[in-house]
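Student: The structure's right below; bear with me while I get my questions together.
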Amino acid sequence: MDEVEEIVRLTAWVRGRVQGVGFRWWVRSRALELGLAGSAANLADGRVEVVAEGPRGGCERLLELLDGDVPGGLPGRPGKVTGVAGRWSAPRGESPGFLER
């Protein structure tokens, strides 16, 4: 019998030069490729807040992609990420799709 992957909610706050550079669009594209639902929103302090729900493996991969510690940066990722803080929680039932806010 196949084991069903746990559904989780990831909230991540991304610091760096991530506003006005197409970063939220890039996050949306990666999240949809991973089958995740949620949103990416600019915050007043210059960070981007990413909320994603879906299988744990997809959320973990998205967090890896957001991480600024990727050697030499990540090809195609706009802006410059200097840090990411994440929090895991129970899913709340995000609507299908991924929004840029």
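Each value in this text was obtained by applying a stated rule to the coordinates, not by laboratory testing. Computed from a prediction, not measured in an experiment: that's the story for all the values here. As a convention, Cβ positions derive from the backbone with ideal geometry for all residues, glycine included, and neighbour counts pool all protein chains shown.
Student: Taking 30 Å as R0, compute the FRET efficiency from the Cβ-Cβ separation of residue 43 and residue 5 and round it to 0.05.
Tutor: 0.50
Student: Let me ask something else about it. What percent does the relative contact order of the range 7-88 come to when contacts are Cα pairs within less than 8 Å and at least six residues apart?
Tutor: About 46 percent, as a whole number.
Student: Where the only charges are on Cβ atoms (+1 Lys, Arg; -1 Asp, Glu), what is the dipole of the chain about its Cα centre, to the nearest 20 debye? Before the final figure, lay out each step's value.
Tutor: Numbers: 14 positive and 14 negative charges, 121 e Å.
Charge dipole of the chain: 580 debye, to the nearest 20.
Student: Another question, if that's okay. Measure off 7 Å from each Cα along the Cα-to-Cβ vector at residue 82 and residue 21, then give the distance between these two points in nanometres to one decimal.
Tutor: The two pseudo-label positions are separated by 1.1 nm.
Student: Further, regarding this structure: For the range 20-46, list residues with backbone N below 14 Å from a point placed 7 Å from the Cα of residue 61 toward its Cβ?
Tutor: Residues 29-37 qualify, since their backbone N sits under 14 Å from the label point.
Student: Counting only helical runs of four or more DSSP H residues, what would the 222 nm mean residue ellipticity of the chain come to if each run contributes -39,500 (n - 2.57) and the total is spread over all its residues?
Tutor: Values: 2 runs with 22 residues, N = 101.
After summing the helix terms and dividing by residue count, I get -6500 deg cm²/dmol.
Student: Pick the calculated Kirkwood radius over Cα pairs in Å for this structure from (1) 15.5; (2) 13.6; (3) 17.0?
Tutor: Comparing each candidate, only (2) matches the computed number.
Student: How charged is the neighbourhood of residue 42? Take every other residue with its Cβ under 10 Å from the Cβ of residue 42, and add Lys/Arg as +1 and Asp/Glu as -1.
Tutor: Numbers: positive: 24, 47, 101; negative: 45, 49, 100.
Counting the neighbours of residue 42, the net charge comes to 0.
Student: Using only Cα atoms, tell me the angle between helix 23-33 and the longest principal axis of the chain; keep it within 0 to 90° and round to the nearest 10.
Tutor: 20
Student: Relative to the longest principal Cα axis of the chain, at what angle does helix 56-66 sit, 0 to 90 degrees, rounded to 10?
Tutor: 10
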